[in-house]
Amino acid sequence: MSSVKSAQGGSTGAVAQARGIVWRAIIGRQEFGVFVILLTMVVFLTLSTNTFLTSTNIFNILRAFSWIAISAFGQCLVIITAGIDLSAGSVMAISGLASAMLLVRGVSVPVAVIAGSLTGLVVGSLNGLMITKGRLPPFIATLGSLLMARGLCYGLTGGWPVRDLPLTFRNLGQYDIPVAGMGVPLPLIFMLVFGVITSVFLSRTVWGYRIYALGGNETATALSGINTDWVKIMVYSLSGLLSGIGGVLMTARLGVAAPTAADGYELDVIAAAVVGGTSLSGGEGTILGVLIGAAIMQVLRNGLVLMGVSAYWLQAVQGLVIVLAIMFDQLRKRRR
Amino acid sequence: MSEQDMVLRMEGISKAFPGVQALDGVDFELAAGEVVALVGENGAGKSTLMKILCGAYRKDAGCIFLNGQEMEIESPHHAQQLGIAIIYQEFNLTPNQSAAANIFLAREPRQRGVGRFLNFVDRRRMEREAQKQLDRVGAHVPSTELIRDLSVAQQQMVEVAKALAVDARIIIMDEPTSALGEDEVDTLFGIISTLKAQGIAIIFITHRLDEVLRIADRVVVLRDGQRVGGMPIDEATPEKIIHLMVGRELTDMFSKQEAEIGAPLLEVRGLTRRGIVEDVSFDLRQGEILGFAGLVGAGRTETARLIFGADHKDAGTIRVDGTPVRIDSPVDAVQAGLGLVPEDRGLQGLVLKLPVKENIVLPTLDEHARVGWVDRRDLRSTARSYVDALNIRTPHLQQRAMFLSGGNQQKVVLAKWLASQPKVLIMDEPTRGIDVGAKAEVHALMSQLAQQGMGIIMISSELVEILGMSDRILVMAEGRVAAILEQAEATQEKIMAYASGEINNQIVNATSNTTSKGAQV
């Protein structure tokens, strides 16, 4: 969307024409549809409540969905290859738990954080190996690791949460950077950094090109002399890694690593990716879209609370929004 | 035969697909109790005609009369109601259900009484009725048997019984003998005779001329979407049929330029994938275009896939430039300097969702990147240069491949392999379904590549193309190399004779006096 500013100067006719082209390019973008939805929600909530558009509330929203979004970046890579990673939630839990268990045993914060994230990478690589070398469908392989990782969390802790994590670790999730009188949450910064890295990886590197190609047509990609097994192992590993990072940040924010943490989060992660325009049939999707998708889900949650809707109705509304968002996107695609 | 006896009359049937006139004013007729063999080269329009008859395609023009009454066949279901059944090469049976359940698929008899309202199947009645139909075709198959436990021939009998159960008066058999052994063919012909005696009309599509002469009452020949001849079987001879099938003169639309033929570039020995490709050996030399001729299912595409490492081979060695290479996957093949333009552009050649640019650079991404970082300017200029060189008509490089015409899509697939500069390029049906202009461009490009020293394998079902473009022609039949012919000694008749397994030397000698080498049945 950075090309918006490019049309300046020249005769008015040319400007109008250039504006037309730019406008069409924006509308044609995959992210446009979901962005409109997000914008509508924000405008509506701003007008109907006086608590929504405050810096505290906005940063609360951003902090709350940051780890979901980081995990969803990885999920996006997987879904672009026409796969699915159901283990995301469990991986978040086990990664956070791994960090926490190391920390309470006196391991330094950087080492514990890295080890926790790498735990995610390991689970992800195993997913990739099961899918390629073990020839399991992604749904089955990651369903298996969802249960195995979760079971490991319970087994290792005996069901008890790990508490008393050091402050330097908790700061990763809780610290607000003072900027112009506002506190910008650190997790938000992490989310943006990983978002940019993943986005650049996907759009500018050889591997990114191959991920799109694989999802668009696996046969043609294999016949082009590309090692498709490798590409798959890579995306599942990265999905595991990003879920791991998200899990460590979540644990830092909560200040406690419970074996039940992030239970069911895989569905939020998948929803964020899909609402953000990532096609489950593969070959399509962007990180920007996923970011918007994750934002929609959190704004919705937050908005319903602000409007005094009973928490019991939350899930029903969320489900409705997922379905509507995707129908809207399909409609937009068909009209083109 | 009088009007009255005709169960089916098709008049002036035409059908066009984008870029091809598949059928052009074809007439066809069929009498009760008659067996008509429908023959023609691949792409002559046989399947299209039959698909129109059984409701899978709608015709563009023409009339269909059933028992003298004009009919508009609207859907496969409608065709079934009208008593037209088709038995495809690939059977439409559900392997985990019984023969009876398959015969009564979608028409299962309901139980009487309360069970009727709950849609309970009356299994005993179904099995009894199914058994009657199976006995009618002389199949010794219990109707309770599961399909997956039956032999191919028995499955075919179930298909025939299924057709009879819906009271079919016209049965179309598409290459029914291709999967059968010698004995089973005899059994099938026995069944056909039985059906004939019951007044059922049969359309028999085949490539095997000996079978035509054995079972048919009449033969109808199609070529390039037109009916070029028909005759009662007592007037038919293999020579006559082959001549009608291919009877075209070579036109000068092929811009084949002579290229200097050099040293062997690709040496294939004993390539085997059991049951599909048997002991295929050949050399491809520098600057040579080697045509692969043969019928559909003769193993040409499979051979190409084996060479390229796309399928697992049971035996065989491959040398490129004199050095033995181990090719276990397409990755190895590309590394060894091979390229493959596959049979089906949409399914195997292109990523339709991605832009033209990405498709072109797919095999060579590494060359446009430094430590994984794509040089987008380099990538764009490479793609641009191929789009210009091959005259690919696309509004811009970001156009998704799915929006290009067939000819331009094919040129994108070609561009993608040219960019990788292979030593050997295997092209499977490179001009199928593309318009004449694009076809000529593809041919010109092939000549040009050969002149630059590339070795090209061209699989084609179009004999004119094979003869016009090849330096040598390898004919395959039933997974084996039936012959390797020099361009000078090859004729359409000769190739067809080798390809259809009609290799009695009589025909070969009748059409040409040169003796051929490497002939085997």
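Laboratory data are not the source of any read-out in this text; all were calculated from the coordinates shown. These numbers come from a predicted model, not from an experiment. Here the Cβ positions follow ideal geometry from the backbone for every residue, glycine too, while neighbour counts run over all protein chains shown.
Cross-link list B:Lys46/B:Lys439; B:Lys313/B:Lys353; B:Lys46/B:Lys162: which exceed 25 angstrom alpha carbon to alpha carbon? Walk me through the numbers on the way to the answer.
Details: B:Lys46/B:Lys439 23 Å; B:Lys313/B:Lys353 32 Å; B:Lys46/B:Lys162 23 Å.
The answer is B:Lys313/B:Lys353.
Rounded to the nearest 20 debye, what is the charge dipole size of chain A about its Cα centre when +1 sits on each Lys and Arg Cβ and -1 on each Asp and Glu Cβ?
Its charge dipole is roughly 620 debye.
Beta carbons within 10 angstrom, averaged per residue: use that to sort the peptides B:148-161, A:280-293, highest first.
Highest to lowest by the protection proxy: A:280-293, B:148-161.
Classify the range B:246-368 as rounded, prolate or oblate from the Cα gyration tensor: take a ≥ b ≥ c as the square roots of its eigenvalues, call it rounded if a/c is under 1.5, otherwise prolate when a/b beats b/c and oblate if not.
Details: a/c = 1.29, a/b = 1.05, b/c = 1.23.
Verdict is rounded for the range B:246-368.
If each residue of separation counts as 0.36 nm, what is the full-extension length gain between A:Val200 and A:Phe139 once their alpha-carbon separation is subtracted?
Result: 19.2 nm gained on full extension.
Sticking with the crude label model, points 7 Å out along Cα→Cβ, report the distance from B:Leu105 to B:Asp60 in nm, one decimal please.
According to this spin-label approximation, the distance is 3.2 nm.
Relative to the present Cα-Cα distance, how much length would full extension add between B:Asp167 and B:Ile261 at 0.36 nm per residue of separation?
Length gained between B:Asp167 and B:Ile261: 27.8 nm.
Across the residues of A:119-126, average count of Cβ atoms on other protein chains within 10 Å?
0
Among the GluC sites (Glu not before Pro) within the range B:249-354, which fall in a DSSP loop and have no more than 11 other Cβ atoms within 10 Å of their own Cβ?
Working: sites: B:Glu249, B:Glu258, B:Glu260, B:Glu267, B:Glu278, B:Glu288, B:Glu302, B:Glu343; in loops: B:Glu249, B:Glu258, B:Glu260, B:Glu288, B:Glu343.
Those satisfying the criteria are B:Glu249, B:Glu258, B:Glu260.
Full extension from A:Leu47 to A:Trp160: what is 0.36 nm times the residue separation minus their Cα-Cα distance, to one decimal in nm?
Result for the pair: 36.2 nm of gain on full extension.
Over the protein assembly as shown, what number does the Rg to Rh ratio reach, with both radii from the alpha-carbon atoms and Rh per Kirkwood?
1.04
Using amide H atoms built in the peptide plane, which far-off residues or other-chain residues are under 5 Å from B:Lys15 H to H?
B:Ala22, B:Leu23, B:Asp24, B:Gly25, B:Asp60
Rounded to the nearest 5, what is the percent of antiparallel bridges among the DSSP beta bridges in chain B?
In chain B, approximately 55 percent of DSSP beta bridges are antiparallel ones.
I'd like the distance separating the alpha-carbon centroids of the range B:333-372 and the range A:47-115, in whole Å.
Each part reduced to its Cα centre gives a spacing of 36 Å.
For the range B:95-166, with only Lys/Arg (+1) and Asp/Glu (-1) charged at the beta-carbon, what is the dipole magnitude about the Cα centre, in debye rounded to 20? Don't jump to the answer; show the numbers that get you there.
Working: 12 positive and 8 negative charges, 76 e Å.
Using only the charged Cβ atoms, the result is roughly 360 debye.
Take the alpha carbon gyration tensor of the range B:95-166, find the square roots of its eigenvalues, order them as a ≥ b ≥ c, and report rounded if a/c is under 1.5; if not, report prolate when a/b exceeds b/c, else oblate.
It is prolate, given that a/c is not under 1.5 and a/b is the larger ratio.
Roughly how many debye, to the nearest 20, is the charge dipole of the range A:241-336 about its Cα centre, given +1 on each Lys and Arg Cβ, -1 on each Asp and Glu Cβ, and no other charges?
440 debye
Given the peptides B:466-474, B:378-386, A:71-79, B:228-236, arrange them by the average over their residues of other C-beta atoms within 10 Å, most packed first. Provide the component values of the computation, followed by the final result.
Details: B:466-474: 23.2, B:378-386: 16.9, A:71-79: 31.9, B:228-236: 14.9.
The peptides rank, most packed first, as A:71-79, B:466-474, B:378-386, B:228-236.
Looking only at other chains, what is the average number of their beta-carbon atoms within 10 angstrom of each beta-carbon in B:347-357?
5
Give the order of A:Phe52, B:Phe120 when sorted by the count of other beta carbons within 10 angstrom, beginning with the fewest.
Arranged by neighbour count, lowest to highest, A:Phe52, B:Phe120 become B:Phe120, A:Phe52.
If I take R0 = 25 Å and measure r between the Cβ atoms of A:Gln174 and A:Leu280 in this structure, what FRET efficiency does the formula 1/(1 + (r/R0)^6) give, to the nearest 0.05?
Between A:Gln174 and A:Leu280 the formula returns 0.10.
Residues in the range B:128-146 near a label at B:Gln97, defined as backbone nitrogen under 20 Å from the 7 Å Cα→Cβ point?
Under 20 Å, as judged by backbone N against the label point of B:Gln97, lie B:128-135, B:141-146 of the range B:128-146.
In sequence order, what are the phi-derived ³J(HN,Hα) couplings for the range A:159-164 according to the Karplus relation 6.51 cos²θ - 1.76 cosθ + 1.60 with θ = phi - 60°, rounded to whole Hz, with x for glycine and proline?
Values, residue by residue: x, 8, x, 9, 10, 6 Hz.
Please give every one of the aspartates and glutamates within straight-line cross-link reach of A:Lys133, meaning a C-alpha to C-alpha distance under 12 Å, and leave out same-chain neighbours fewer than 8 residues apart.
A:Lys133 reaches A:Asp229.
May I ask you to derive the FRET efficiency for B:Asp210 and B:Gln335 from their Cβ-Cβ distance with R0 = 41 Å, giving the value to the nearest 0.05?
Rounded to the nearest 0.05, the efficiency is 0.35.
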